[in-house]
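For reference, the structure is listed below as structure tokens.
The values are calculated or read from the model by the stated rules, or taken from the named source; none is laboratory data. Being a predicted model, the structure only gives us computed values, none of them experimental. Here the Cβ is made from the backbone with ideal geometry for all residues, glycine too, and neighbour counts use every protein chain on show.
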Amino acid sequence: MEVFIVSLLNGLVYGMLLFMLASGLTLILSMMGVLNFAHASAYMLGAYFAYTISLYVGFWPALIIAPILCGLVGAAIEMWGLRRVHRNGHIAELLFTFGLALIIEKGVQMGWGLLPVPYRVPALLDFPLFSIYGTNFPAYRAFMLLISGMMFGSIWLGLTRTRIGLVIQAALTHPEMVGALGHNVPRIFTLVFAAGTALAGLAGVIGGNYQVTEPAMAFTMGPIVFVVVVFGGLGSLTGCFIASILMGLIQTFAVVFDVSLADLLAKFGFIVTSQTPLAEVLTVTLPRIGALLPFLMMVLILVFRPRGLMGTRDT
Amino acid sequence: MSFVRRNWLWLLAAIILLAVPFLFYDWTKGRHSGFALTLLSEIGVMAIFALSFNMLMGQAGLLSFGHAVLFGLGSYCTAHAINAVKAGTFWMPIELVPLVGGLGGLVFGYLLGWLATKQRATAFAMITMGLGELVSAAALMFMAFFGGEGGISIDRVMGTSLFGISYATPWQVYCLVLIWAFIAASLMKLQTETPLGRIANATRDNFERAQFVGYDPRIVRLLQFTLSGFFAGIAGGLYVMIYEIVTFDTLGAAKSANALLAAYIGGAGGFFGPILGTIVVVLLQSGVSLISSAWLLYVGVLFIVMVMFAPVGLIGLIGMHTPIRRIGRLGELVVPYLRAFPAALSVMLGFVLMVELASNITIGAAQGKKFAIAGTLIDTGSPVIWGIGLLGLIGGAFWLRIEARRFRLRWDALIEDAKRQGVVV
């Protein structure tokens, strides 16, 4: 039971972190059709910016400044790069962001070195909030939950209750029509791209000291975010939210339960030995394939239900 | 004679490729340079791989992020076949061993393709990415087939050659790679002219119309994917022959990205584009990475420059000159090109200098390296050297702009003339 509750909380924290990354990507992908490979790079940039800023003015200003910087970077990428590449088709756009991801990774290595930087949790939040069955739950994780929950709320309110949010929603599915009604669709694209990048940056600020701030963090996070977006479905923030939480929980719980198919078969009186055919497949334990489960789920959902959980159209 | 006239390009390429290793031949010792031969063999293998990738991207419009899975599985199949022949389980001539890789690629191409080709466009790309991650992770879990982190080693000297060749030296392996590369490339070229190749083009351009004509795009995609797996598997088989080891990184995303980079930089539109791209990418990877730790940055920048300014790739850039060549005025471009060259060189050198300085300050200094140009030690902190780099980059950029405008005028005038003379642009 104690394992269950602790894992549940940890899974929620990780899931919300995924959601902060994935929500921006969902908007960008559904609206502009760009598979943005540089999205996880913005997450990394957010963490590094926050580290450097927090060295001078502390963590709290960094929480505001670093995402804004990331948003500016995103706006610049959209205005001077993507818009130009857009004419050459979707593959060109995707490859452009792929090249950007390479450059940003190398740039970070050159700016901050190859080793992880000591980006730490602020002292104010560095205490155990409460303990369940002897396991401490750090206050910082609760803070992460708070921030990401607030972000979810404000995105949802912003998209459904404000004028610009409604225009964005309309532009998701009918960009030409929105343009014909007199809205500046390219500017909406820039805005969404910048906002998405800023969100990824914010995720980096609060995720960088939760995980490790190192040059490889973008490439470890990148594929998972794609999985979440595709699994949740294009054009649906709710689907994205559910998928993020689901992936967070799956990955956390998979680490906890040390079982394999062989254990399951043993319950039915079938003992797997090294002579059994497929013994290697059957004896693989769940923690070892935990990181793979999201990919497996993505392949399955794309094959059988290409619009994802709650998507409004096929991927 | 007509055979020679029709295929002069292939014959020329074959002669050049056989001659190139002798540029690096060590005449005093009477030996080939092992490094050059391995590099050339690698180019040959990766060219087959990139061409097979382009069967999907260029011909069928399918962007795969997991193409290396077929390459790697082909490698593993070949490695197991070689070990089995060594152990005496069955007999097989060494020249045909890459075919085992091809068959492995074919079978896995059909199996994985059956899943992936259910969808097209973005969904196809995401499925292949997922499959790529799954298979490369599985490689670390299942020891019996993949050999874990150590991979599977082979000894390519099997003594079962059809022609009595031992394949102990890199030169012999290079010749084998070359022969297989020509066979695979010509088969792939022929495939573009088969009905399947044509209908794959049709489903790429408009899959709904292809459906109305009566073809099932799913089947077309599956067949194209399976065949492309066959050629990727051959490339994988040759890869094992060169390095005598296969590890899990042959299946990984980085390898898949290589094919994508090569096909795009070279130009996915033309058949020979990926070959050109492969040469550039492999030289960058194997050559520049020896000199500079920032080679990945250069690849990224080259890539972005290509995507932004030359989406048609190298082969497309060359193809753009065809109408001007037809009217016989190609010579008039020589001077504008020569004028733009120093400007472009200045931009490039300025950029490289600044990148190297920056990477030396952070990464190089941590590894205790000194920064030197032509043997002269250089203080990376001095503002003078940074100023030179900045001047080269920014001044060169302005200079290049002026020259580019001039070039543009000349170019437009020539194209205009070509149009007037009735040459199709």
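Figures for the structure shown
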quantity: Test: residue in the stretch A:239-251 that is within 14 Å of another protein chain (Cβ to nearest Cβ), polar (S, T, N, Q) and assigned to a helix (DSSP H, G or I); calculated: yes
quantity: Given (1) more than 30 Å from B:K86 (Cβ to Cβ); (2) surrounded by fewer than 16 Cβ atoms within 10 Å (Cβ to Cβ); (3) not basic (K, R), index of the condition B:L196 fails; calculated: (2)
quantity: Qualifying residues in the stretch A:78-94 (those that are aliphatic (A, V, I, L, M) and under 24 Å from A:G204 (Cβ atoms)) - the one farthest from the other protein chains (Cβ to nearest Cβ); calculated: A:M79
quantity: B:R204 vs. criteria over 25 Å from the mean Cα position of the chain (by Cα) and either modelled with pLDDT under 90 or in the same structural domain as B:I82 (by TED's automatic domain parsing) (or both); calculated: no
quantity: Contacts under 6 angstrom Cβ, first residue in the stretch B:334-356 being in contact (Cβ under 8 Å) with a residue 40 or more places away in the chain, partner among the small types (G, A, S) and outside any helix (DSSP H, G or I), 6 or more apart; calculated: B:V355/B:A294
quantity: Subset of the stretch A:83-111 (residues that are touching a residue at least 24 places away in the same chain (Cβ under 8 Å), surrounded by 19 or more Cβ atoms within 10 Å (Cβ to Cβ) and over 21 Å from the mean Cα position of the chain (by Cα)); calculated: A:Q109
quantity: Cβ-Cβ under 7 Å pairs, at least 6 apart or on other chains, the stretch B:50-70 side over 20 Å from B:L276 (Cβ atoms), far side assigned to a loop (DSSP other than H, G, I, E, B); calculated: B:L62/B:R120; B:A68/B:L251; B:A68/B:G252; B:V69/B:L251
quantity: Some residue of the stretch A:111-128 being in contact with a strand residue (DSSP E or B) (Cβ under 9 Å, 6 or more places away or on another chain) and in a helix (DSSP H, G or I); calculated: yes
quantity: Test: B:F303 is surrounded by 15 or more Cβ atoms within 10 Å (Cβ to Cβ), farther than 30 Å from B:I415 by Cβ and either within 14 Å of chain A (Cβ to nearest Cβ) or modelled with pLDDT of 80 or more (or both); calculated: no
quantity: Hits in the stretch B:400-425 (condition: among the small types (G, A, S) and more than 32 Å from the chain's Cα centre (by Cα)); calculated: B:A413, B:A418, B:G422
quantity: Among the candidates B:G164, B:G150, residue that is among the small types (G, A, S), at pLDDT below 80 and in the same structural domain as B:S75 (by TED's automatic domain parsing); calculated: B:G164
quantity: Candidates A:G179, A:G71, A:G153 - the one that is in contact with a helix residue (DSSP H, G or I) (Cβ under 6 Å, 6 or more places away or on another chain), surrounded by fewer than 18 Cβ atoms within 10 Å (Cβ to Cβ) and among the small types (G, A, S); calculated: A:G179
quantity: Residue in the stretch B:45-56 that is touching a helix residue (DSSP H, G or I) at 6+ places or on another chain (Cβ under 6 Å) and surrounded by fewer than 22 Cβ atoms within 10 Å (Cβ to Cβ) present; calculated: no
quantity: Residue in the stretch B:244-255 that is modelled with pLDDT under 90, more than 21 Å from B:I152 (Cβ to Cβ) and within 14 Å of chain A (Cβ to nearest Cβ) present; calculated: no
quantity: Any hit, the stretch B:75-85, residues being more than 9 Å from chain A (Cβ to nearest Cβ) and over 20 Å from B:I245 (Cβ atoms); calculated: no
quantity: Some residue of the stretch B:94-117 being surrounded by fewer than 16 Cβ atoms within 10 Å (Cβ to Cβ), touching a Ser or Thr at 6+ places or on another chain (Cβ under 7 Å) and over 23 Å from B:K255 (Cβ atoms); calculated: no
quantity: So B:L317, is it assigned to a helix (DSSP H, G or I) and either at pLDDT 85 or above or touching a strand residue (DSSP E or B) at 6+ places or on another chain (Cβ under 9 Å) (or both); calculated: yes
quantity: Qualifying residue in the stretch A:31-49 (condition: over 27 Å from A:Y210 (Cα atoms), more than 8 Å from chain B (Cβ to nearest Cβ) and in a helix (DSSP H, G or I)); calculated: yes
quantity: Qualifying residues in the stretch B:264-297 (those that are under 25 Å from A:E78 (Cα atoms) and more than 9 Å from chain A (Cβ to nearest Cβ)) - the one surrounded by the fewest Cβ atoms within 10 Å (Cβ to Cβ); calculated: B:G267
quantity: Some residue of the stretch B:137-152 being facing another protein chain (nearest Cβ under 9 Å) and within 27 Å of B:W180 (Cα to Cα); calculated: yes
